[in-house]
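Below is one structure, written out as structure tokens; the observations come after it.
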Amino acid sequence: MLENLRVASFLAFKQVQRGSKGTLILTIMIIALVFVNLVFLPSIISGVIETFNTQSINFNYGNLVIEPREGDQYISDADTLQKKVERIPGIVGTSPRISTGVTYFYKGRDARSTLYGINPQDERSVTTIHENMVRGEFLSAGDTDKIVMGATLAGTEGEAGGGLPTLQGVQVGDSVEVAFPNGERRTFQVKGIYETQSIGVDTSAFTTTGAVAQVLGLENQASEILVKTAVNGQEEMYRTRLLSYGIQQQVFTFRQKAAGFVDQAIQSFEIINAISTLVSLIIAVVVVFIVIFINTVNKRRQIGILKAIGIDKQIIINSYVLQVLFIATLGALVGIVLTSGVIYYLTINPLVFPGGPVFPVVEPATVARSIASLFAVSIVAGYIPAWKTAREDILDAIQR
């Protein structure tokens with residue numbers, strides 16, 4: 001067995017050594033580009049997921065969201081529940097919110113969106129919206145007549161929102177009238193404008209809990225309580241922990257809250273990735289098959305002579321399989337280098353998606369799977385023409 005492998009390796013080495021260097025290099029580069037394609041799109045998909053997760057935690061939901069019991073509109077005795085949650089190990093911050101749909105009016109223009117009533121200090125402990133102010137300042141505890149708006153809702157003079165709510169040109173210091181669902185209207189001064197690149201957040205606005213509670217007639221109530229955990233990625237464990245401490249309200253992870261939109265986006269990417277992967281592997285099969293087929297056709301006489309002097313046909317087939325493995329190995333190595341270059345460039349210059357900048361995330365499992373699939377299809381594509389030629393009759397092969 002070992003002797004047969006040594007003979008096959010020797011034949012493969014000589015075939016590569018005496019073969020066309022241009023064809024060899026071109027084949028290796030094609031395999032390398034196929035590898036790049038196999039790794040690149042999944043890394044972008046992983047980057048999109050990472051971006052959505054980060055935005056969901058930092059701007060929309062925190063790690064966990066506590067909502068009213070089924071059938072209730074608000075969480076009662078929100079202060080007591082907040083203190084109870086904050087005593088649970090691993091919880092580093094909580095932020096009660098009152099959310100309500102309102103209509104904003106500014107210089108004859110109006111836009112329907114959401115207004116959140118928050119405790120600014122609590123909100124800072126959970127989300128990072130306060131770190132994304134592009135103009136003005138974030139709210140302070142006593143700002144009952146102030147408001148901060150998302151950049152999309154504030155808008156730009158003369159620019160339509162493209163279907164998104166916008167007031168087309170609100171500036172810091174301007175006054176905006178807000179119509180609440182109960183018919184009451186209040187005027188707020190814009191203290192700041194933030195931009196998170198999360199559509200749901202940038203089309204909304206925030207004021208203090210006191211301002212909203214006074215208008216809606218609420219006392220110590222909240223629409224939801226956002227919860228920040230010490231470690232990301234362990235939301236299910238923390239959710240179970242909250243429930244085990246006797247939390248009677250509904251508790252959701254940020255993934256459960258964002259599942260609809262994110263899942264739809266990921267499913268679309270997965271379909272594109274599946275098509276791209278299939279096409280790439282077909283290209284690899286065709287290229288390797290053609291190269292080995294032409295090689296075996298041109299060397300039929302040589303293969304016949306090898307068989308005539310006693311070389312087993314399986315050794316001849318194995319020599320071509322070893323050639324394919326050599327090409328696939330070099331192709332994968334070159335592909336890894338090219339992929340590293342692309343990933344490095346996109347890390348410095350990330351792709352800009354509607355949800356924010358996306359950095360490619362390369363997972364080891366994706367690289368291993370790509371290498372394995374590349375080797376598998378290459379071996380099959382190389383084995384078939386070699387097997388077909390090696391099984392020919394010795395005299396037929398020599399006489400051609």
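Identify the residue in segment 70-109 that is in a helix (DSSP H, G or I) and of a type outside the set (D, E, K, R) and, among all such residues, is surrounded by the most Cβ atoms within 10 Å (Cβ to Cβ).
If we take residues in segment 70-109 being in a helix (DSSP H, G or I) and of a type outside the set (D, E, K, R), then A78 is surrounded by the most Cβ atoms within 10 Å (Cβ to Cβ).
What's the number of the only condition in (1) surrounded by 19 or more Cβ atoms within 10 Å (Cβ to Cβ); (2) under 26 Å from P68 (Cα atoms) that E236 fails to meet?
Every condition holds for E236 apart from (1).
Test V65 against the stated conditions and say whether it is closer than 14 Å to K257 by Cα, over 18 Å from the mean Cα position of the chain (by Cα) and aliphatic (A, V, I, L, M). Full working, then the answer.
Numbers: closer than 14 Å to K257 by Cα: yes; over 18 Å from the mean Cα position of the chain (by Cα): yes; aliphatic (A, V, I, L, M): yes.
Criteria met by V65.
Taking segment 155-171 only, how many residues are touching a helix residue (DSSP H, G or I) at 6+ places or on another chain (Cβ under 9 Å) and on the phi < 0 side of the Ramachandran plot?
Of segment 155-171, the ones touching a helix residue (DSSP H, G or I) at 6+ places or on another chain (Cβ under 9 Å) are 161, 164-171.
Still in the list and also on the phi < 0 side of the Ramachandran plot: 161, 164-167, 170-171.
Number satisfying all stated conditions: 7.
Listed here are the residues, each with its yes/no results for (1) in contact with a helix residue (DSSP H, G or I) (Cβ under 8 Å, 6 or more places away or on another chain); (2) modelled with pLDDT under 85; (3) outside the structural domain of F326 (by TED's automatic domain parsing); (4) within 30 Å of F252 (Cβ to Cβ).
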{"residue": "F13", "(1), (2), (3), (4)": "no, yes, no, no"}
{"residue": "I28", "(1), (2), (3), (4)": "yes, yes, no, no"}
{"residue": "A32", "(1), (2), (3), (4)": "yes, no, no, no"}
{"residue": "I44", "(1), (2), (3), (4)": "yes, yes, no, yes"}
{"residue": "F52", "(1), (2), (3), (4)": "yes, yes, no, yes"}
{"residue": "E70", "(1), (2), (3), (4)": "no, no, yes, yes"}
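Suppose we keep only residues that are part of a helix (DSSP H, G or I) and among the small types (G, A, S) within segment 125-158. Which one would you say is nearest to Q82 (Cα to Cα)?
It comes out as S125.
What are the residues in segment 109-159 that are farther than 19 Å from V65 by Cα and of a type in the set (K, R), if any? Give the derivation first.
In the first step, residues of segment 109-159 are kept if they are farther than 19 Å from V65 by Cα; the result is 109-113, 130-159.
Matches in segment 109-159: R109, R112, R135, K146.
Considering each residue of segment 322-342, count those that are surrounded by fewer than 20 Cβ atoms within 10 Å (Cβ to Cβ), among the aliphatic types (A, V, I, L, M) and at pLDDT 85 or above, and give that number.
Initially, segment 322-342 is screened for residues surrounded by fewer than 20 Cβ atoms within 10 Å (Cβ to Cβ), giving 325-326, 329-330, 333-334, 336-338, 340-342.
Filter once more, keeping what is among the aliphatic types (A, V, I, L, M): 325, 330, 333-334, 336-338, 342.
Next, only the ones that are at pLDDT 85 or above stay: 330, 333-334, 336-338, 342.
Matching residues across segment 322-342 total 7.
Can you pull out every residue in segment 338-375 that is β-branched (V, I, T) and in contact (Cβ under 8 Å) with a residue 40 or more places away in the chain?
T339, V342, I343, V358, V361, V362, T366, V367, I371 - these are the residues of segment 338-375 that are β-branched (V, I, T) and in contact (Cβ under 8 Å) with a residue 40 or more places away in the chain.
If we only count strands (runs of 3 or more DSSP E) wholly inside segment 161-277, which ones have 2 or more residues that are closer than 30 Å to G90 by Cβ and modelled with pLDDT of 90 or more?
The strands (runs of 3 or more DSSP E) meeting that bar are 205-208, 224-229, 250-253.
What is the number of the single condition among (1) in contact with a strand residue (DSSP E or B) (Cβ under 7 Å, 6 or more places away or on another chain); (2) hydrophobic (A, V, I, L, M, F, W, C); (3) within 19 Å of S198 (Cα to Cα); (4) surrounded by 15 or more Cβ atoms within 10 Å (Cβ to Cβ) that V134 does not meet?
For V134, the failing item is (4).
With the requirement that a residue be surrounded by fewer than 21 Cβ atoms within 10 Å (Cβ to Cβ) and not β-branched (V, I, T), what does segment 44-57 give you?
S46, E50, N53
Whether any residue in segment 51-65 is part of a loop (DSSP other than H, G, I, E, B) and either in contact (Cβ under 8 Å) with a residue 60 or more places away in the chain or not small (G, A, S) (or both) is what I want to check. Quick ask: steps written out before the conclusion?
Let us first name the residues in segment 51-65 that are part of a loop (DSSP other than H, G, I, E, B), namely 63.
Keeping just the survivors that are either in contact (Cβ under 8 Å) with a residue 60 or more places away in the chain or not small (G, A, S) (or both) gives 63.
There is at least one residue in segment 51-65 that is part of a loop (DSSP other than H, G, I, E, B) and either in contact (Cβ under 8 Å) with a residue 60 or more places away in the chain or not small (G, A, S) (or both).
Quick check on my filter: what residues within segment 237-281 are touching a Lys or Arg at 6+ places or on another chain (Cβ under 9 Å) and either among the charged types (D, E, K, R) or farther than 26 Å from S43 by Cβ (or both)?
Y245, G246, I247, Q248, Q249, Q250, V251, F252
Please go through segment 187-209 and give me each residue that is buried (at least 17 other Cβ atoms within 10 Å of the Cβ) and either without any contact (Cβ under 8 Å) to a residue 60 or more places away in the chain or closer than 13 Å to G117 by Cβ (or both), ordered by number.
Selection gives F188, V190, K191, G192, D202, S204, A205, F206, T207, T208, T209.
Residue check: is G382 assigned to a helix (DSSP H, G or I), modelled with pLDDT of 85 or more and closer than 17 Å to L281 by Cα?
Taking the combined requirement at face value, the residue does not satisfy it.
The values are calculated or read from the model by the stated rules, or taken from the named source; none is laboratory data. Quantities reported herein were computed from a predicted structural model and do not represent experimental measurements. Cβ: placed from backbone, ideal geometry, glycine included. Neighbour counts: every protein chain shown.
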